[in-house]
Amino acid sequence: MWKWLHPYAKPERAYQLCNTLLPWFALPAVVCLVVGTIWGLAYAPQDYQQGDSFRIIYIHVPSAMLSMSTYVAMAIAALVGMVWQWRTAYMAMIAMAPVGAVMTFIALLTGAAWGKPMWGAWWVWDARLTSELILLFLYFGVIALYTAFEDKQQAGKAAGVMALVGVVNIPIIHYSVEWWNTLHQGSTITKFDKPSIATEMLWPLLLNIFGFALFIALVTTMRLKNEIIRREMHRPWVQMLVKQKETNDAV
Amino acid sequence: MMQFESWADFWAMGGYAFYVWLSFGVALGAMALITIFSVIEHKRLIKQVVTEQQRKLRIQRAQQQALNDTTEPDRSN
Amino acid sequence: MGGVFKRDLALAFRQKAELVQPLMFLLMVVTLFPLGVGPGPDTLQLIGPGVIWIAAILSSLMGMERLFRDDFADGSLEQLQLSGLPLYAVATMKVLCHWLVTFIPLLILSPLLAMFLNLTVDMYIALVITLLLGTPLLSLVGAIAVGLTVGLQRGGVLLALLLIPVFIPLLIFATSAVDAAALQLPYRAQIAIIGAMLLIAMALAPAAIAYSLKVSQN
Amino acid sequence: MSGLVASELSCIKRDRVLFDRLSFSLQSGQLVYLRGPNGAGKTSLLRILCGLSQPESGTITWQSQPLGEHWFKDLIYVGHKPGVNGALTAIENLAFWCRQHSVSASLDHLYHVLAELGLVGMEDVPCRTLSAGQQRRVALSRLWLKSAKVWILDEPFTALDVKGVAQLEDKMKAHVDAGGAVLTTSHQALSERAGTVRFFDLEYRF
């Protein structure tokens, strides 16, 4: 795998790979999201307890799940960059950060919108919501550190270290917040636990999880392309590429 | 099999319309925004490369000009 | 290695203002709380552990920059890196020294804080144990972020941004230990978890600090 | 190949290629003078050769081995930043440095070296009270203290007065004559006192 992957460490090859992958992410992402969402909204059966408000699950759970996985993916990219000195790995890491932050934001907002009818308050210091909030802070940290550096090479490395520190911390944060939550839980709070979710409810959820994952991959590739161009602006291959594009557009 | 009797029912979401549509709306909006921003950024970067190329061309031309200017008096003599 | 330690200690005592200022900050932040929420002894006891720990984290963030800032700015760090000594060991020494001069005074100050916030003796004992185990963790993990931001002109707020989320678990376990002590409950579990986190940090942080300093030198 | 050999070095700073596939060698008995306009990457090259920062690609060897402890033992680097702590005295700074670099120098010797550099009476005042030129002398006194084979000096003449420049040039010549090697950059030309100089040019690249 190493032999096969290595040429893609070169930004130019990575850019080409992005271009080939893009349609493969875009189409299935749209299909999964559209089908999953319509199915979830209109065809999945009602929850006998929560009524139709449970339908928020079809975006809350995928975004919450994938916001965590995106952070882990960032840390893996950072590790790859560190171990094998791939510039593109750092670029991929920083391309992921805003997407992950958006996912976290969606998870937080949908959590709040779900919480209001269920708990009667927009914000409840529930374990999962609190972890999501801290995760959002971690994303902010990585992005802020990256933008603080003038030299983006250095920025990538620094943000990578912070992503790794964060990823070591995520399980600890998760555990600690859960501990804290059970400790301070005065009133009975019905958690988001999905009590034996019916299969008819599950299929659209799986579809949407898939769709969200593909969407994240899609936006990451788009942003990675941008990052590569920004960093390689003065290289001949970028200039060739742009020239080619111009002539194509002219015709 | 659709779970709702009518369109009106569907939009009402069993009384939870505001929360459900808020969630889906914001999610859609956020996802659309980040996609659009990425596309706009791509266009901006391509434009930047083009201006960079033109600047380089100008510099080259100016240098050529300067070279011509210094050699011309020699020819007139 | 001992040289680094001695020099840093000497430097710390020569720049006493930098040593004392975070402590004064800590004292003032703690004073703000009774003024803000009212002086009811029960309320104070309830929020006390959290207040002390939050104030400790904030004040440690204030003084944290000092860890590598001067050495980076004047080039001493370059010379240290070229001395052939392993950088992680040098960094660990510096962190140890920083911990001694920042947090030992805090521990000395802690009885006063406990009195201000009406903590019981049991709570105070738990507080001291958590401070003893938790503050080295602050220094070790903080040093990674300091190493990363040392080359930046305005690293101060950024440092807090990076570190506060990372310190949340420590805050939770430490305050929960003191709360447990208030109710006469055992709090060994919390202490054990903080200890475990400290051990992980001791194992991983030196390498990470060394790496981040190298990144900053690039 | 003995000496300091760098091959195929590339360096990218702020997404600008400073140099690409650059090869360089420094042998004993050579004084190499690195020239180039501002922003050409002189300091970056020196720092990479020292082992302070990593090149994008390429290898550096010292006496046929990759840079490591044996290299640091044979190197003195004096950079833009003097590496002198302002709160400590010159003697304290140097004593600490000697200890870190495993140089055994007695206190008397330190006083002697500082006196030779014209810093009599300034040995035990905090360095921040010294002038820029005096601080530079404290930094350069390392060349008198450690017997290293290679000196890498980044703008060593900055802030030095005429006498200081001459003294440093003499020292560099003596070092080269004794079989040492010097790599330096400067904005002012070296005078003849420094002996034969090889030039190495870096160009500014867009």
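Read-outs: derived from the displayed coordinates by stated rules, not from any lab. In this text, all values refer to a predicted model and were calculated from it rather than measured experimentally. We place every Cβ from the backbone using ideal geometry, glycine too, and count neighbours over all the protein chains shown.
Worth pointing out:
- Per residue of chain D, the DSSP helices (runs of n ≥ 4 H) give a summed -39500 (n - 2.57) that works out to -9000 deg cm²/dmol at 222 nm.
- Within the shell defined by Cβ-Cβ distances under 9 Å, the residues around A:GLN46 carry a net charge of -1, with Lys and Arg each +1 and Asp and Glu each -1.
- Only Cα pairs under 8 Å and 6+ residues apart enter the sum, and on that basis the relative contact order of the stretch D:83-146 stands at 48 percent.
- The relative contact order of chain C, computed from alpha carbon pairs under 8 Å that lie at least 6 residues apart in sequence, is 27 percent.
- Averaged over the residues of peptide C:85-94, the number of Cβ atoms from other protein chains lying within 10 Å of each residue's Cβ is 1.
- GNM result for chain C, Cα springs below 10 Å: residue of C:ASP74, C:ASP42, C:ASP122 fluctuating most strongly: C:ASP74
- Overall form of the protein assembly as shown per C-alpha gyration tensor (a/c, 1.5; a/b vs b/c): oblate
- Net charge, A:VAL219 excluded, C-beta distance under 13 Å - Lys, Arg +1, Asp, Glu -1: 0
- With K and R counted +1 and D and E -1, the other residues having a Cβ less than 12 Å from that of B:VAL39 yield a net charge of +3.
- Helix C:121-149 vs. chain C, principal-axis angle (Cα, 0 to 90°, nearest 10): 30
- Subset of A:LYS157/C:LYS16; C:LYS214/D:LYS163; D:LYS13/D:LYS73; B:LYS43/D:LYS13; D:LYS42/D:LYS163; C:LYS214/D:LYS149 violating a 31 Å alpha-carbon distance limit: A:LYS157/C:LYS16; C:LYS214/D:LYS163
- Put in line by how crowded their Cβ is, counting other Cβ atoms within 10 Å and starting with the fewest, D:LYS149, B:LYS56, A:LYS157, D:LYS81 read B:LYS56, D:LYS81, D:LYS149, A:LYS157.
- Helix C:16-37 axis, angle to chain C major axis (alpha carbon atoms, nearest 10°): 30
- Highest GNM mean-square fluctuation among D:SER186, D:SER28, D:SER131, for chain D modelled with Cα contacts below 10 Å: D:SER131.
- Listed residues A:THR220, A:THR104, A:THR182, most fluctuating in chain A (Gaussian network, C-alpha, under 10 Å): A:THR182
- The helix-only estimate of mean residue ellipticity at 222 nm for chain A, built from DSSP H runs of length n ≥ 4 each weighted as -39500 (n - 2.57), is -27500 deg cm²/dmol after division by the residue total.
- Chain D: antiparallel DSSP beta bridges as a percent of all, rounded to 5: 45
- Neighbour-count order for D:SER106, C:SER216, fewest beta carbons within 10 angstrom listed first: D:SER106, C:SER216
- For chain D, the relative contact order is 32 percent, taking Cα pairs closer than 8 Å that sit 6 or more residues apart in sequence and dividing their mean separation by the residue count.
- The label-point distance for D:LEU107 and A:TRP203, in a model that sets each label 7 Å from Cα toward Cβ, rounds to 8.8 nm.
- Against chain C, whose longest principal axis comes from its Cα atoms, helix C:156-182 is set at around 40 degrees.
- Percent antiparallel among DSSP beta bridges (both partners in the protein assembly as shown, rounded to 5): 50
- In plain terms, the residue of C:PHE25, D:PHE96 with the fewest other Cβ atoms within 10 Å comes first and the most crowded comes last, giving C:PHE25, D:PHE96.
- Peptide-level mean, for A:43-52, of C-beta atoms on other protein chains within 10 Å: 3
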